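Engineer: The structure is given below, and queries will be raised subsequently.
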Amino acid sequence: MPLSEQEQRLLDEMERHLMNKDADVVSAPRDGQTLSYRNIVYGTILVLLGIGGLIAGVSSGIIVIGVIAFLVMVAGVVLAVTPARGFAAATPRSGEKKPKPGSSSASFMDRMNDRWDRRQGDR
């Protein structure tokens, strides 16, 4: 059963509102906010060391070792999910394509929103 004209208009309005208001939530990471493989590796090593320390602390009955190991695990997770910062993260690597001089600096979602708005204006 097709939607009535009023239902279709309401659905289109809700979709535009959702795209305009929630685009920031789902936008692609900006420059300097990409995950660093080095941080992920170091964080994983810290988590594994923390798990080993936690097992050692529980098996020996020394609670202080377990608490310290848990804190090491938390630090490892925080390190792994921390975005890379600085000059090295902002510059493209040798295998990556450099942006074209005429390309926009807008995020992917901003460009998609602009295309959507232009398409909706054509109707």
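Engineer: Relative to the present Cα-Cα distance, how much length would full extension add between residue 48 and residue 20 at 0.36 nm per residue of separation?
Structural biologist: Gain in length upon complete extension: 5.9 nm.
Engineer: What's the exposure ranking of 15, 5, going from fewest to most Cβ atoms within 10 Å?
Structural biologist: In increasing order of surrounding Cβ atoms, one gets 5, 15.
Engineer: Using only the Cα atoms of segment 42-85, what semi-axes does the equivalent ellipsoid have when each is the square root of 5 times a gyration tensor eigenvalue? Give whole Å, largest first.
Structural biologist: Result for segment 42-85: semi-axes of 23, 8, 4 Å.
Engineer: Let me ask another. Applying 1/(1 + (r/R0)^6) with R0 = 35 Å to the Cβ-Cβ distance of residue 108 and residue 55, what FRET efficiency is obtained, to the nearest 0.05? Write out the running numbers ahead of the final one.
Structural biologist: Working: r = 43 Å, r/R0 = 1.24.
So, using R0 = 35 Å, E works out to roughly 0.20.
Engineer: Right, next: What's the exposure ranking of 46, 35, 71, going from fewest to most Cβ atoms within 10 Å?
Structural biologist: Sorted ascending by nearby Cβ count, the order is 71, 35, 46.
Engineer: Under 15 Å from the 7 Å Cα→Cβ point of residue 41, by amide nitrogen: which residues of segment 66-87?
Structural biologist: 80
Each value in this text was obtained by applying a stated rule to the coordinates, not by laboratory testing. Just so we're clear, the structure is a prediction, and the values are computed from it rather than from any experiment. Positions of Cβ are backbone-derived with ideal geometry, glycine not excepted, and every protein chain shown enters the neighbour counts.
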